[in-house]
Structure formats: C-alpha cells, structure tokens
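Please read the structure below before turning to the comments.
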Amino acid sequence: MAALGASALAALLAGSPAAAQTQISPFCGITGDATAPVSITYDPFSSSGLSQATIPLVLRRNRGLLTGRTDEVSFILTAPAGSPAFDITYQGQRVLYPEGATLGHPRALTSFDNGAFASGEIRYQFGGFTASDLSTPINLRVTVPPGTDLSAGEAISFDIIYICSGDGGMLPVPIPVRSSGAVRLNVNVVSALQAFYAGSALDFGEIGDVTTDAVLASPDRFTTSSANALRVRSSGPFEVRVRSQNDFRLAYAGGNLADSRQTIRYSARFLGQDITSNASFGTRTCARAGVAGTGGTLPIRATLKEGGSGKTPSSSYSDVITITFSPIVTSSAAQTCAGL
C-alpha cells in the first residue's frame with residue numbers, strides 16, 4: 001500500500017516600480033506605476049482570495065520643451081489575452097477590460113462632455129504649468145477571485161489605453177493610444193501546493209505460492225495499475241522526494257529486514273524512474289502544476305521483483321511509500337512531470 005505526505009513552504013515576492021522621468025514630447029501623454037503594498041498576499045488555495053485590495057496608481061504626464069504640458073487624461077486598463085479572471089474597479093466602476101473588448105472606452109474628456117461618459121473609465125486633470133507632473137494616487141480596487149491561477153514569482157502587467165488634451169502649445173491625442181505594460185502589480189502570490197493520492201492500494205494480491213522465476217518471467221502480471229496517481233495543484237514549481245519505510249521491500253510486522261527470507265523486493269515507477277532503494281531517487285524538481293492541477297497528474301505503479309514462495313509465511317507483507325512535495329518559488333531546472 002502507499003501512504004503519502006506533503007509539506008508546504010510559503011514564499012512572498014515583492015517588487016518596486018522602476019523610477020520614471022517626465023517625458024518630453026510635442027504630444028500629451030502619460031505613464032503610470034502601481035505597486036501592491038508588501039502586506040498584500042494572495043493564496044490561490046484560500047477560500048477568500050484577495051478581496052478589494054487598494055493599490056495606488058500614480059500617473060506621470062508628458063511635458064513639452066517650454067510651456068507645453070499634458071492637461072487632462074481619460075484612460076482604461078486592459079488585460080492581455082488569457083489573463084486570469086481578476087477585476088479592477090475605480091470609484092465602484094470596472095475599469096479593466098479584456099484585450100479587444102474595451103466597449104468603446106475611453107470615450108471623451110470631461111472638459112468635452114461634462115463627465116457624461118465617465119462611467120467605466122478613469123479621468124484625471126493635472127493642472128497648470130506649475131502643478132506637479134505626478135498625479136495624486138488613483139486608488140484602484142483589485143479583486144482576485146478564489147482559485148485564480150496566478151503564478152508565484154510572476155508580476156501582473158496591464159496596458160493603459162488613453163486619450164488626452166494639452167495646454168501651452170502641447171498637441172492633444174484624441175484617438176486612443178496604448179502604453180504597453182504601463183501598470184505592473186506586484187501581488188505577492190504565496191508559493192503553495194496541495195497534493196493527494198488518487199487510486200487504490202498498490203496491491204500485488206496473493207503471492208505466497210509464486211516463485212521469483214515466475215515473477216521475473218511475467219513482470220506485467222505483477223505490476224500494479226497505471227491508473228493510480230498522485231494529483232498535485234501548485235502555484236509554482238516544487239521538489240519531490242520519495243522514501244520507502246522498508247527500503248522498497250515488503251515485510252511483515254515484527255519481521256527482520258536483514259533476513260531475505262522475511263522480505264520481498266519490489267520497485268516503484270514514478271516520475272519516469274524505476275526506484276529500487278531509498279538512495280536511488282534523490283530529489284526531482286517539477287514545473288508548476290497550476291492551481292487547477294492540469295500539469296500535476298503523476299502516475300505511480302509498483303512491480304514485484306521476488307515471489308513469495310520460500311519466504312516466511314505471513315498474511316500481511318506490506319510497505320509504506322512516502323512522497324513529499326515541497327513548493328519552491330523558482331527553479332531553472334524544473335521539468336514537466338505530468339504523465340511521466
């Protein structure tokens with residue numbers, strides 16, 4: 001039979017936005033930085049998720065060579081195709097849109113429409129020549145639903161799509177312009193893992209009268225089902241260790257492991273390797289399985305190496321295999337382990 005164990009580590013990743021300088025341009029424009037406070041973490045296996053975390057977005061406006069300056073801006077955020085299902089709102093209105101589905105936003109500047117179409121986009125006026133090039137913090141509310149498949153160690157980036165007006169001779173930008181990767185949210189994703197065994201006991205059945213020659217002649221007959229597997233869900237890569245209680249020998253309670261008549265040898269096939277002793281496996285590093293576990297089905301099967309004929313009679317020869325999974329943050333040596 002197989003008994004499974006799992007251990008878990010949590011690693012928090014944080015970053016700071018790169019320092020930005022005011023851009024000199026004949027056209028109005030903005031750049032932006034948003035950074036999650038270091039106290040914000042996201043556990044993909046938590047039932048609560050990350051609920052309404054406030055993240056301040058600070059805009060920096062373009063300036064002209066002399067008196068030109070960006071005056072007013074209206075913008076939205078866009079998420080790249082295939083992004084997780086998180087949400088960003090501003091003053092109660094959703095301002096994050098899927099790529100290619102912006103619903104006509106941004107529509108217009110407040111000075112042109114008196115705020116009539118402000119819903120669903122963010123509008124900001126910087127002020128005159130002596131006003132700061134930096135906006136006051138625009139507080140975005142970020143929600144990550146429970147179970148969202150975010151990767152440990154990977155930041156979340158969004159594009160800004162904006163229109164703007166200029167003063168002091170600066171030219172307006174009335175047709176939406178994209179600023180790629182303008183917003184970077186360093187949400188701290190916990191490197192976490194869940195694992196369980198899916199299948200039946202690795203049972204060879206009654207082998208008391210089976211000789212070793214018969215076992216070696218028909219190995220498939222004495223190999224357990226390939227349908228048995230470990231199932232892993234993880235937000236990052238993970239290390240795997242395998243250990244057998246009896247060093248890959250079946251034994252009975254009270255038996256002497258040093259006496260070959262009281263043990264029956266077997267091997268275990270796991271992660272593409274035939275394991276015959278505790279010293280033969282070492283540590284393997286697997287790529288992230290994903291929160292949904294799509295990359296985390298790890299088959300295991302056992303093959304008998306000796307028969308029970310000539311062994312000390314007992315009704316319960318058995319062993320316990322412990323497989324330990326330890327989540328890690330990053331690894332250049334991680335391999336895809338699913339299906340091995």
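The values are calculated or read from the model by the stated rules, or taken from the named source; none is laboratory data. Keep in mind that this is a model prediction, so the values were computed, not measured. Positions of Cβ are generated from backbone atoms using ideal geometry, with glycine treated the same way; all protein chains shown enter the neighbour counts. Heavy atoms of the whole protein, side chains included, go into the accessibility calculation; ligands, DNA and RNA do not. Shrake-Rupley method; radii C 1.70, N 1.55, O 1.52, S 1.80 Å.
Some points to look at:
- Filtered by the rule that a residue be hydrophobic (A, V, I, L, M, F, W, C) and in a loop (DSSP other than H, G, I, E, B), region 94-146 gives VAL95, ALA101, LEU103, ALA108, LEU109, ALA116, PHE117, ALA118, PHE126, PHE129, ALA131.
Okay, residues lined up against (1) of a type in the set (S, T, N, Q); (2) assigned to a loop (DSSP other than H, G, I, E, B); (3) open to solvent by less than 20 Å² (accessible area, probe 1.4 Å):
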{"position": "SER225", "(1), (2), (3)": "yes, yes, no"}
{"position": "GLY236", "(1), (2), (3)": "no, yes, yes"}
{"position": "ARG265", "(1), (2), (3)": "no, no, no"}
{"position": "ALA292", "(1), (2), (3)": "no, yes, no"}
{"position": "PHE325", "(1), (2), (3)": "no, no, yes"}
{"position": "THR330", "(1), (2), (3)": "yes, yes, no"}
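- Some residue of region 81-99 being acidic (Asp, Glu) and within 21 Å of THR35 (Cβ to Cβ): yes
- Single residue of region 195-216 satisfying the filter (open to solvent by less than 70 Å² (accessible area, probe 1.4 Å) and not in a loop (DSSP other than H, G, I, E, B)) that is nearest to ASP43 (Cα to Cα): ALA195
- Just one residue in the set ILE138, ILE122, ILE160, ILE156 is within 26 Å of GLN21 (Cα to Cα) and at pLDDT below 90; that residue is ILE156.
- Test: residue in region 51-65 that is at pLDDT 70 or above, more than 21 Å from THR78 (Cα to Cα) and out of contact with any Ser or Thr (no Cβ under 6 Å at 6 or more places or on another chain): yes
- Every residue from region 99-121 that is surrounded by 14 or more Cβ atoms within 10 Å (Cβ to Cβ), within 20 Å of VAL142 (Cα to Cα) and of a type in the set (A, V, I, L, M, F, W, C): ALA118
- Screening region 18-45 for residues that are open to solvent by 40 Å² or more (accessible area, probe 1.4 Å), of a type outside the set (Phe, Trp, Tyr) and under 22 Å from LEU150 (Cα atoms) and picking the one that is modelled with the highest pLDDT gives ASP43.
- Once region 49-84 is narrowed to residues that are surrounded by 15 or more Cβ atoms within 10 Å (Cβ to Cβ) and outside any strand (DSSP E or B), the residue that is farthest from the chain's Cα centre (by Cα) is GLY68.
Rundown of residues vs (1) under 27 Å from the mean Cα position of the chain (by Cα); (2) closer than 30 Å to PRO237 by Cβ; (3) surrounded by fewer than 14 Cβ atoms within 10 Å (Cβ to Cβ); (4) touching a residue at least 40 places away in the same chain (Cβ under 8 Å), yes/no style:
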{"site": "TYR97", "(1), (2), (3), (4)": "yes, no, no, no"}
{"site": "ARG123", "(1), (2), (3), (4)": "no, no, no, yes"}
{"site": "PRO146", "(1), (2), (3), (4)": "yes, yes, no, yes"}
{"site": "GLY169", "(1), (2), (3), (4)": "no, no, yes, yes"}
{"site": "PRO172", "(1), (2), (3), (4)": "no, no, no, yes"}
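- Taken over region 294-307, the criterion of being in contact with a Ser or Thr (Cβ under 7 Å, 6 or more places away or on another chain) and either closer than 14 Å to GLY339 by Cβ or assigned to a strand (DSSP E or B) (or both) is satisfied by GLY295, GLY296, PRO299, ARG301, ALA302, THR303.
- Given (1) assigned to a loop (DSSP other than H, G, I, E, B); (2) at negative phi; (3) in contact with a Gly (Cβ under 8 Å, 6 or more places away or on another chain); (4) open to solvent by less than 70 Å² (accessible area, probe 1.4 Å), number of the condition ASP159 does not satisfy: (1)
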